[in-house]
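Q: Would you mind keeping the following structure in view while I ask a few things?
Only the coordinates and a few stated rules stand behind these numbers; no lab work does. The structure displayed is predicted, hence computed values, not measured ones. Here the Cβ positions follow ideal geometry from the backbone for every residue, glycine too, while neighbour counts run over all protein chains shown.
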Amino acid sequence: MALLKVRFDQKRRVKLAQGLWLLNWLSVLAGTAVFGLGLFLKVELRRRSDVMDNAESHLVPNALIGAGALSCALHALAGRICYDALDPARFARWRPWLRPYLAACALGHAGLLLAALCCLLLRGSLEATLARGLRQGLRFYRDTDTPGRCFMKKTIDLLQIEFRCCGNNGFRDWFEIQWISNRYLDFSSKEVKDRIKSNVDGRYLVDGVPFSCCNPNSPRPCIQYQLTNNSAHYSYDHQTEELNLWLQGCRAALLSYYSSLMNSMGALTLLVWLSDVTATTGLRYLHTALESVSNPEDPECESEGWLLEKSVPETWKAFLESLKRLGKSNQVEAEGADAGPAPEAG
Amino acid sequence: MAPVLPLALPPRPRVRLAQGLWLLSWALALAGGLTLLCSGHLLVQLSRLRTFLAPSCPFAALPQVALAAGAAALGTGLAGAGASRASLDAAQYPPWRRVLGPLLVAGTAGGGGLLVLSLGLAAALPGSLDSGLEEGLGAAMAHYKDTEVPGHCHAKRLLDELQLRHHCCGCRGFKDWFGVQWVSSRYLDPNDQDVVDRIQSNVEGLYLIDGVPFSCCNPHSPRPCLQDQLSDPHAHPLFDPRQPNLNLWPQGCHGVLLGHLQGLASTLGSMLAVTFLLQTVVLLGLRYLQTALEGLGGVIDGEGDAQGYLLPGGLRHRLKMAWLQGGAARRPAPGEAPPEEAPPTEDPPEA
């Protein structure tokens, strides 16, 4: 008993072929879009690789790129097949290839679905990478004359300005590291000497932040230094002041940016997957409808199309049988080869 | 009297003319669309920089007129494509026959007029940007501290964001901030002797400092940003006031914005020039096609040679007649004076 049988007459077959041709070329465009999205995500991850310790995983964009390219190629071929389907002579040369081709399509769609799920689920590793990378970045902020780290100050400043964030989890992260290089400290000043002596590791720690943490929405000029000392600034209370600096940490800001990017890409890829599955199902129906044309001389006759020739359990049993036969045929050949030289030897 | 600029159009060249016109009309539609996009972009940029441009600066008129001119060119291009396509097909031409005359007049007068006006504006207006930007930026800097005055409360945020985005400081340079009180009196401690001294030493009672806001800081500098006491060489260790370039942004916002807006205006001007040329060619071609087809009586498939022209013959004569008749009506006529001119001669058929 065939699965989901549908009757087709000539007109319906022609309509199906034409509709499928259009749907397949639209799927090619959609596959190109998925490819482009993967490229975009890869470029975005590369741009911020400095604050991700150069250890970020490129699995998601690579999966999108591969799945998009595969989907493009498969659907371009399917479009060509649908175009030829209306002419029996041209369709004849595609006939032997259609079964393996449909199997390849099924695998391709599984890959696309996996890529979409990756997009939506693989966020945890990004958070850990960002936390580590930003911590390193903040530590190297002052090393503007160390080769290999001299760009870190510029990177962190531009990051904080663009993403409207300050520090790793908040602006207090800047209080725990020395972000002013010793080159610019006046060691003859008493204040500097006291601060360094009072610190166990001999670091110059201040309760201040770099200028890139400043919030332009604040009504007063930015207060960057002596942030916890209310008496240092007129009419200032550090516990109620909210507009002076950016309150969000850069880890949360970057994570939300990449999350929203990957969420929208995942949703779009799922939609593309749905349309691809529809196109392949239609192609299967067209294939079986054309195969089951009982009289090849009469193109006007009706035929039936189906998804699977037998029901699902029977198809699965037949598939396992064919696998076993494949194994057995190898065995028989081997025994035959053994039996061959043996009588000769004996 | 002979028609103006006649051109013989046998059937084959007529078809070629129609086909060439179809291509050029689509090119005109594309150019009109691009002009629309360009002027829209300029309009969006200007709306974002509205605070920094003096209200008296007429520059905003350019993108608005260019928008209308681009839309007119797009419409002319689409109509021209439709008309030239129809002129190749006998069944489709009759409805276009009636529309073509008014279309040509509208295209020449309306579209052409708008394009010429916008070209003129594109040539003349960018000169007014210099003083407009100077006035606008000066006013914004003066209102930087007025974050609680209605009407000016956004000046600080907008100016900070401008300096951060365009990488500039002050109007012509960072020293402009030394001449403006950018710290609001609300945040000045009246008991601080230094503050009192500064205010008293200033003629207008302003609190002026040799410091700049944080948005002037340059992230490329190797040392943390130095914002205050910029004229004092001993205030910061190892700081050389003769070389402040890496510490703050060196260029002023006036130069940056002027270059940006003038670049956009010159791009728009070149787009308008290309559109104008295309529109002239398309309208001329349509006129010749129209008059040639009218010469055949509106029958497309006719094999006869037709003559296309710009303006019909005898136009000058008829204009003179109309002028004289108008003059005679204005003069108090004592009686029915017979017309002095002979009746007009036979004119070639005119659409």
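Q: Convert each backbone phi in segment B:201-215 into a coupling constant with the Karplus relation 6.51 cos²θ - 1.76 cosθ + 1.60 (shift: θ = phi - 60°), then list the ³J(HN,Hα) values in order as whole Hz, x for Gly and Pro.
A: For segment B:201-215, the Karplus-derived couplings read 6, 9, 4, 8, x, 8, 9, 9, 10, 8, x, 10, x, 5, 6 Hz, x marking Gly and Pro.
Q: Further question: Based on the Cα atoms of chain B, what semi-axes does the equivalent ellipsoid have, where each is the square root of 5 times one gyration tensor eigenvalue, given in whole Å with the largest first?
A: Those come to 67, 25, 14 Å.
Q: Most exposed first by the Cβ proxy, i.e. fewest other Cβ within 10 Å, how do B:H236, A:H287, B:H41 rank?
A: B:H41, B:H236, A:H287
Q: What FRET efficiency comes out for the pair B:D189/A:S125, r = Cβ-Cβ distance, R0 = 51 Å, nearest 0.05? Let's see the in-between values first.
A: Numbers: r = 51 Å, r/R0 = 0.99.
Plugging the Cβ-Cβ distance into 1/(1 + (r/R0)^6) gives 0.50.
Q: Quick one: order A:E242, A:E291 by neighbouring beta-carbon count within 10 Å, fewest to most.
A: The most exposed by this proxy come first: A:E242, A:E291.
Q: Taking each residue in B:223-236, count the Cβ atoms of any other chain within 10 Å of its Cβ, then average. What number comes out?
A: Taking the mean over all residues of the peptide, I get 3.
Q: Here's another thing I want to ask about it. Report the FRET efficiency, 1/(1 + (r/R0)^6), for B:H220 and A:R164, where r is their Cβ-Cβ distance and R0 is 25 Å, rounded to 0.05.
A: Once the sixth-power term is evaluated, E becomes 0.80.
Q: Between segment A:6-40 and segment A:226-304, what is the separation of their alpha carbon centroids in Å?
A: For segment A:6-40 versus segment A:226-304, the Cα centre distance is 22 Å.
Q: Still on this model: Please give the FRET efficiency for B:A322 paired with B:R50, using the beta carbon to beta carbon distance and R0 = 41 Å, rounded to the nearest 0.05. Let's see the in-between values first.
A: Values: r = 50 Å, r/R0 = 1.23.
Efficiency, from the Cβ-Cβ distance: 0.25.
Q: Name the shape class, rounded, prolate or oblate, that the alpha-carbon gyration tensor gives for the protein assembly as shown, where a ≥ b ≥ c are the square roots of its eigenvalues, rounded holds for a/c under 1.5, and otherwise prolate holds if a/b is larger than b/c and oblate otherwise.
A: Note, shape of the protein assembly as shown comes out oblate.
Q: Quick check: pseudo-label points 7 Å beyond the Cα along Cα→Cβ at B:S266 and B:A142, how many nm apart are they?
A: 3.2 nm
Q: Just checking the output field for A:142-152: average partner chain Cβ neighbours within 10 Å of each residue's Cβ?
A: Per residue, the average neighbour count from other chains is 1.
Q: While we're looking at this one, here's another question. Report the net charge of residues surrounding A:C214, where surrounding means a beta-carbon distance below 15 angstrom and charges are Lys +1, Arg +1, Asp -1, Glu -1.
A: -2
Q: What length, rounded to one decimal in nm, is gained on full extension from A:R172 through to A:L271, with 0.36 nm per residue of separation minus their alpha-carbon distance? Don't skip to the answer; put the middle values down first.
A: Values: separation 99, 0.36 × 99 = 35.64 nm, distance 4.32 nm.
Stretched fully, the A:R172-A:L271 segment lengthens by 31.3 nm.
Q: Alpha carbon centre of segment B:87-134 versus segment A:139-188: separation in Å?
A: A separation of 57 Å, based on Cα centres.
Q: Report the paramagnetic label zone for A:V206: residues of segment A:221-252 whose backbone N is under 13 Å from a point 7 Å from Cα along the Cα-to-Cβ axis.
A: Once the point is set 7 Å along Cα→Cβ of A:V206, A:223-228 turn out to lie under 13 Å by backbone N, inside segment A:221-252.
Q: Here's something else I'd like to know. Set Lys and Arg Cβ to +1 and Asp and Glu Cβ to -1, take the dipole of chain B about its Cα centre, and tell me which of B:C171, B:V183, B:L104 lies farthest positive.
A: B:L104
Q: Sorting B:K175, B:K320, B:K156 on the 10 Å Cβ count, fewest up front, what's the list?
A: B:K320, B:K175, B:K156
Q: I've got another one for you. What shape does segment B:1-47 take by its C-alpha gyration tensor, where a ≥ b ≥ c are the square roots of the eigenvalues and a/c under 1.5 counts as rounded, a/b above b/c as prolate, and the rest as oblate?
A: oblate
Q: Something else: Find the centroid of the Cα atoms in segment A:57-82 and in segment B:215-237, then give the distance between the two in whole Å.
A: After rounding, the separation between the Cα centres reads 53 Å.
Q: Right, next: Please flag any cysteine in chain B that has no other cysteine's Cβ under 4.7 angstrom from its own Cβ.
A: B:C38, B:C57, B:C153, B:C171 - these cysteines have no disulfide-compatible partner (Cβ-Cβ under 4.7 Å) in chain B.
Q: Here is a further query. 7 Å from Cα along Cα→Cβ at both A:L255 and B:A2: what's the point-to-point distance in nm?
A: Each label point lies 7 Å from its Cα, and together they span 8.6 nm.
Q: Could you list, in their original order, any pairs among A:K154/B:K156; A:K42/A:K153; A:K197/B:K175; A:K190/B:K156; B:K145/B:K175; A:K153/A:K193 whose Cα atoms are separated by more than 27 Å?
A: Result: A:K197/B:K175; A:K190/B:K156 exceed 27 Å.
Q: Calculate I(q)/I(0) for segment B:132-255 by the Debye formula, one identical point scatterer on each C-alpha and no solvent, and give its log10 at q = 0.09, 0.11, 0.18 Å⁻¹ to two decimals.
A: The calculated log intensity ratios at q = 0.09, 0.11, 0.18 Å⁻¹ are -0.26, -0.39, -1.03.
Q: Starting from the Cα of A:H58, step 7 Å toward the Cβ, then list every residue of segment A:261-295 with an amide N under 19 Å from that point.
A: Residues A:262 qualify, since their backbone N sits under 19 Å from the label point.
Q: List, in order, the whole-Hz ³J(HN,Hα) value for each residue of segment A:237-253 obtained from phi through the Karplus relation with A = 6.51, B = -1.76, C = 1.60 and θ = phi - 60°; use x for Gly and Pro.
A: 10, 5, 7, 10, 6, 10, 9, 5, 10, 5, 8, 6, x, 5, 5, 5, 5
Q: Another question about this same structure. List the cysteines of chain A that have no other Cys Cβ closer than 4.7 Å: which are they?
A: That list is A:C72, A:C82, A:C105, A:C118, A:C119, A:C150, A:C301.
Q: Here is a follow-up. Any chance you could run the full-extension gain for A:L3 through A:E242? It's 0.36 nm times the residue separation minus the Cα-Cα distance, nm to one decimal.
A: 79.5 nm
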